Amino acid sequence: MTLNEYNTAVDLHADGIYRFALKHLRDEDLAKDVVQESFARLWVKVDEVDGNKAKSYLFTTAHHVMVDEVRKGKRSTTMEEHHQNMRSTSQAQPDLKEVLDAALATLPAIQRSVVLLRDLEGYTYEEIAELTQLNLAQVKVYIYRGRTALKEYIGQLDLVL
C-alpha cells in the first residue's frame, strides 16, 4: 500500500468506521479511539496490506478493537452511565433513537456488530462474513436472531407506552 492509497483510505473510510463504532459502543470518545487505533494498526502494516483491501482490513480491525473495548467495559460501570440511566427513567416519552440504542444494547456483541454492518453500513452478507471472520451461515443466523430480538424488544415497548 502506498502513502497515497493510505491517505485515500483515511478519507473514504474514517467516517464509516466512526459511525459503526459509535453505534456499537455508544460513546463518542471510544468510537474516536477505535478509528484511531484501526488506522494506527493499518499504518504499522502498510507494506503488507493491499490498497484494494484497506476497507476490509480497517473494518475487521475496528471490529476486533470494539470487542476488546466491550470486554474491558463489562468489568466496570461508569458514573455517567449510572446517571444517564437515572435521567432517562424520568422522561415521559422516549426518543426513537434512544429506544433503538437501548434495543441494540440488549443484543450480544457479535449480533449487534453484524446487524449494524448490514443495516447501518449496507455491507453484503459475504462482506460481513469476511470482516468478522464468520462463515456465511453464521452471519445470516446472527442477523436473523438480532433483528428478531430487536422486533421483540420494540414490540414489548409498544405495550408499555
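The values are calculated or read from the model by the stated rules, or taken from the named source; none is laboratory data. Keep in mind that this is a model prediction, so the values were computed, not measured. So basically every Cβ, Gly included, is an ideal-geometry build from the backbone, and we count neighbours across all protein chains shown.
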Worksheet item: Restricting attention to the range 44-100, and to residues there that are of a type in the set (Gly, Ala, Ser) and modelled with pLDDT of 85 or more, which single residue is farthest from PHE20 (Cα to Cα)?
Response: ALA54
Item to complete: Would you check if LEU120 is surrounded by fewer than 16 Cβ atoms within 10 Å (Cβ to Cβ) and either assigned by TED's automatic domain parsing to the domain that holds SER56 or modelled with pLDDT of 85 or more (or both)?
Response: no
Practice prompt. Among the numbered conditions (1) at pLDDT 85 or above; (2) in the same structural domain as ALA149 (by TED's automatic domain parsing); (3) part of a helix (DSSP H, G or I), tell me where LEU107 comes up short.
Written response: (3)
Fill in: Of all residues making up the range 133-159, the number that are in contact with a helix residue (DSSP H, G or I) (Cβ under 6 Å, 6 or more places away or on another chain) and surrounded by 18 or more Cβ atoms within 10 Å (Cβ to Cβ)
5
Worksheet item: List pairs: first in the range 4-19 and farther than 14 Å from ASP33 by Cα, second assigned to a helix (DSSP H, G or I), Cβ under 6 Å, 6+ apart or cross-chain?
Response: GLU5/GLY51; ALA9/ALA54; HIS13/LYS55; HIS13/LEU58
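Yes/no per residue for (1) under 16 Å from the mean Cα position of the chain (by Cα); (2) not in a helix (DSSP H, G or I):
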site	(1), (2)
GLY16	yes, no
LEU42	no, no
VAL46	no, yes
LYS72	yes, no
Discussion item. Pairs please, first residue from the range 130-144 and in a helix (DSSP H, G or I), second anywhere and exposed (fewer than 14 other Cβ atoms within 10 Å of the Cβ), Cβ atoms under 9 Å, 6+ apart in sequence or on different chains.
Written reply: LEU136/GLU126; VAL139/GLU126; TYR142/PRO108
Worksheet entry | Residues of the range 111-129 classified as free of Cβ contacts under 8 Å to residues at least 40 places away in the same chain and part of a helix (DSSP H, G or I), total | 9
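Does LEU150 satisfy the condition of being at pLDDT below 90 and among the hydrophobic types (A, V, I, L, M, F, W, C)? Spell out the reasoning first.
On the way: at pLDDT below 90: yes; among the hydrophobic types (A, V, I, L, M, F, W, C): yes.
Considered against the rule, which asks whether it is at pLDDT below 90 and among the hydrophobic types (A, V, I, L, M, F, W, C), LEU150 comes out as yes.
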Discussion item. Would you confirm whether or not the range 26-34 contains a residue that is touching a Ser or Thr at 6+ places or on another chain (Cβ under 7 Å) and surrounded by 14 or more Cβ atoms within 10 Å (Cβ to Cβ)?
Written reply: no
Worksheet item: Hey, among the residues in the range 43-54 that are touching a residue at least 40 places away in the same chain (Cβ under 8 Å) and among the aliphatic types (A, V, I, L, M), which one's farthest from ASN7 (Cα to Cα)?
Response: VAL49
